[in-house]
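What follows is a set of notes on a single structure, which appears directly below.
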């Protein structure tokens, strides 16, 4: 299996890595024709209800992690999670977000979920 990384939009990324935006909302100020990623998989992001409940409140992160993991785990087999796994099977992937605090975003949780799911 290839490397799986996490990062923020705007940080330098090696050209040989498949860049996947994993946010539900399209980032402000970025034109669709000039997007600095290869694929947008908005359906792997937390649901709008979960995202709004969490609100990037550090005191809610542990529960957010459990709830988001549950959402990922309950997705149907043809969902975006499986599309992401298929991309990763063929090339290195970086999961991108616009979140200011990467460590408290959904991206590390998605990374861990994919690592467990690849088996």
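Details
- Answer label for Cα extents along the principal axes in Å (calculated), chosen among (i) 56, 24, 22; (ii) 36, 36, 22; (iii) 47, 32, 19: (ii)
- Compactness of segment 40-109 - radius of gyration and Dmax, Cα, Å: 12.5, 37
- Selected from 100, 32, 42 as most flexible by GNM, with the chain as the system and alpha-carbon contacts under 10 Å: 32
- Highest-first arrangement of 33-39, 108-114, where packing means the average Cβ count within 10 Å: 108-114, 33-39
- In the chain, the DSSP beta bridges split such that about 0 percent are antiparallel, to the nearest 5.
Here, each number is a calculation from the coordinates, and none is a lab measurement. Just so it is clear, the model here is predicted, and its values are computed rather than measured. Heads up, the Cβs are rebuilt from the backbone with ideal geometry, glycines too, and the neighbour counts pull from every protein chain shown.
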